[in-house]
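A short worksheet on the structure shown next.
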Amino acid sequence: MGKMANSNPNKEQLPKYDSIEWYFKVLKQYADFSGRARRKEYWMFVLFNAIISIGIMTTIAGILSVLRIVAGIIFILYVFAVFMPALAVMVRRLHDVGKSGWMLLITLIPLVGTVWLLVLLATDSEPGNNQYGANPKGINKQTFSTSGNTQPRMNNSMEKSGKKVSSPHYPPYTGTGLCDVCNCSLGGVRAYIVPNNVFYNSGKYRAYVKNSRMMHFAGMTVDDAYFANMQALDKSAGSAVCENCIYMFR
């Protein structure tokens, strides 16, 4: 992960992973078919899974024929390894829109079923709780309220710094879940809702992503088109940002 300029007082508090952490989150929940998965979790897994798969296939195509058998076996093993978590996160994604995992069987209907499933996978989370659990975004009607006395407690690292932190002009985020920048837990910390047109076009946020070690490891080209595509895929009302990352959007 790239580090920001030395003038940033929160530099050492930034975590070491970014978007690819969603991929590892799905792998950790290997055969977890319960609960809900937000769109970002599902589509980030699809994105990085595709990148890794293409990388393996490109490697197979570029090596000697004698070694292609070994590379082919590695690819087959990878496909089998990610099949279960891929199926599990798809079921959780359906749960997130209020549908049973059995809705996957709709793909048995030629063409129409596949299109219908894609629409469901791209649909935003049901607000609040549903029969499968709490909203993974932790967003409800109160989340976007700018009034009221309930505020998350500032984390200890900021309290101990003794520095005054000015509040940005964004509505407070009062739910749970993860920061959309650093993926840290939002439980017990001050957080805000940043509009997506501001979130994806922030120069500091773009530099943070571009300089990420994980992005370099994945061999991704992070340019303006990448951020435009990410913004187009994200249909949520805004992005949750913790107090340690909000400086990127001031």
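Report the label-to-label distance for A237 and T58 in nanometres (one decimal), using points 7 Å from each Cα along the Cα→Cβ vector.
4.0 nm
Given labels modelled 7 Å from the Cα in the Cβ direction, how far is it in nm from V119 to W102?
Roughly 2.1 nm, to one decimal.
Students often check this: by mean Cβ neighbours within 10 Å, which of 75-86, 171-182 ranks highest, and how do the rest follow?
Listed from highest to lowest mean packing, they are 171-182, 75-86.
What does the extension gain come out to for F83 and F33, with contour length at 0.36 nm per residue minus their alpha carbon separation?
16.7 nm
Compute the distance in nm between two label points, each set 7 Å from the Cα along the Cα-to-Cβ direction, one at I51 and one at L111.
Going from the I51 label point to the L111 one covers 3.4 nm.
Can you tell me which aspartates and glutamates have their Cα less than 15 Å from the Cα of K25? Leave out same-chain residues fewer than eight positions away.
E41, D180
Output needed: percent of Cα pairs per 10 Å distance bin for the range 69-125, bins running from 0 to the one holding the longest distance.
23, 39, 25, 12, 1
If packing is taken as the mean number of other Cβ atoms within 10 Å per residue, what is the order of 87-94, 117-124, 101-108, highest first?
Top to bottom by mean Cβ count within 10 Å: 87-94, 117-124, 101-108.
Where q = 0.17 Å⁻¹, what log10 of I(q)/I(0) comes from the Debye formula for the range 19-136, counting one point per Cα?
-0.87
Laboratory data are not the source of any read-out in this text; all were calculated from the coordinates shown. On a predicted model such as this, the values are computed, not experimentally measured, just so you know. Please note: Cβ atoms are built from the backbone with ideal geometry, for glycine as well, and neighbour counts cover all protein chains shown.
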